[in-house]
Amino acid sequence: EPRIVVLISGTGSNLQALIESTRAPGHPGRIVAVGSNRPDAAGLQRAEQAGIETFVVDHTTYRDRASFDADLLRKLEALNPDAIVLAGFMRILTEDFVRHFRGRLINIHPSLLPKYQGLNTHQRALDAGDATHGTSVHFVTEELDGGPVIARAEVPVLENDTADTLAARVKAREHVLYPIILRWFCEGRIALGNDEVLFDGSPLPQVLSL
Ligand code: GAR
């Protein structure tokens with residue numbers, strides 16, 4: 001049974017979708033813990049309500065990124081995770097951390113990567129006049145928001161959209177996309193190759209569009 005740890009920083013609506021989906025009959029994986037860098041992250045309560053162990057590694061109490069990451073790594077190692085799922089985890093991770101968990105670390109980013117890496121993705125899509133926007137699930141590697149993309153989901157940009165209405169439309173798709181990818185990962189169907197995504201053992205010819 002693959003052991004999943006979810007890391008969050010905020011609301012945890014993606015976490016909620018992952019909790020519900022992993023509890024479906026026949027799901028191979030199990031969320032064994034939910035961690036946050038923020039003690040006040042609302043998502044921690046979602047985990048507690050679901051009876052899942054939670055932990056906090058508060059980044060404000062560390063003198064630098066390296067010492068925060070070292071503690072987070074130690075905490076995660078103790079949980080023996082097969083998958084570390086970033087779901088609105090808003091900290092940049094050091095290269096050492098990312099390398100340590102290579103192939104087990106997955107992130108969801110609210111843009112059609114490689115477009116709009118970094119923050120404020122919804123406003124940037126609006127400012128650019130894009131007709132479509134969306135979300136991407138990718139393996140985390142040393143490049144920030146630059147690891148191999150597994151799958152994307154698109155949404156239309158509507159005429160009266162604000163960053164908030166667009167974000168809500170994107171999140172609705174994330175709640176469908178992320179559980180599918182995590183399930184495939186737990187089933188061993190998705191893996192990280194040298195620098196490409198393997199699907200059922202073969203390099204993906206192109207990013208999955210779901
Ligand atoms: C999600 O939209 C996710 O894609 C984004 O934060 C939101 C978290 O929402 N992640 C990033 O921006 C990562 N750089 P949630 O807490 O309701 O799941």
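Out of every Cα-Cα pair that region 148-195 contains, those further apart than 17 angstrom amount to 48 percent. Report note on the peptides 184-193, 33-42: ranked by the mean count of other C-beta atoms within 10 Å, highest first, their order is 33-42, 184-193. Largest GNM mean-square fluctuation among Ala78, Ala17, Ala125, using the chain with Cα springs under 10 Å: Ala78. A convex hull fitted around the alpha carbon atoms of region 88-176 yields 86 Å³ per residue. Per DSSP H run of n ≥ 4, the term is -39500 (n - 2.57); total these for the chain, divide by its residue number, and report the mean residue ellipticity at 222 nm rounded to 500 deg cm²/dmol. So the helix-based figure for the chain works out to -10000 deg cm²/dmol.
Computed in the context of the full set of protein chains, the accessible area of the chain at 1.4 Å probe radius has 49% of its extent on carbon or sulfur.
With an 8 Å cut-off on Cα pairs and a minimum separation of 6 or more residues, tell me the relative contact order of the chain in percent. Rounded, it is 19 percent for the chain.
Taking Gly118, Gly147, Gly29 as the candidate residues, the one with maximal mean-square fluctuation in a Gaussian network model of the chain, Cα springs under 10 Å, is Gly118. Sorted largest first by accessible area at a 1.4 angstrom probe radius, with every protein chain in place, the residues His27, His100 fall in the order His100, His27.
Counting only the Cα atoms, the chain fills a convex hull of 121 Å³ per residue.
Pick out, in residue order, every one of the chymotrypsin sites (Phe, Trp or Tyr not before Pro) in region 48-152 that is DSSP loop and has at most 16 other C-beta atoms within 10 Å; say none if there are none. Filter output for region 48-152: Tyr62. Extension gain for Glu154 to Glu20 (0.36 nm times residue separation, less C-alpha to C-alpha distance): 46.0 nm. A cut-off of 5 Å between modelled amide H atoms, ignoring neighbours fewer than 5 places along the same chain, links His133 with Val155, Val157. Classify region 36-90 from the C-alpha gyration tensor, please: rounded if a/c falls under 1.5, else prolate or oblate depending on whether a/b exceeds b/c. Since a/c reaches 1.5 but b/c is at least a/b, the shape of region 36-90 is classed as oblate. At a probe radius of 1.4 angstrom, the accessible area of the chain per residue rounds to 48 square angstrom.
The values are calculated or read from the model by the stated rules, or taken from the named source; none is laboratory data. In this text, all values refer to a predicted model and were calculated from it rather than measured experimentally. Neighbour counts are summed over all protein chains in view; Cβ atoms, including those assigned to glycine, are modelled from backbone coordinates with ideal geometry. Areas reflect the complete protein model, heavy atoms only, side chains present, ligands, DNA and RNA absent. Shrake-Rupley method; radii C 1.70, N 1.55, O 1.52, S 1.80 Å.
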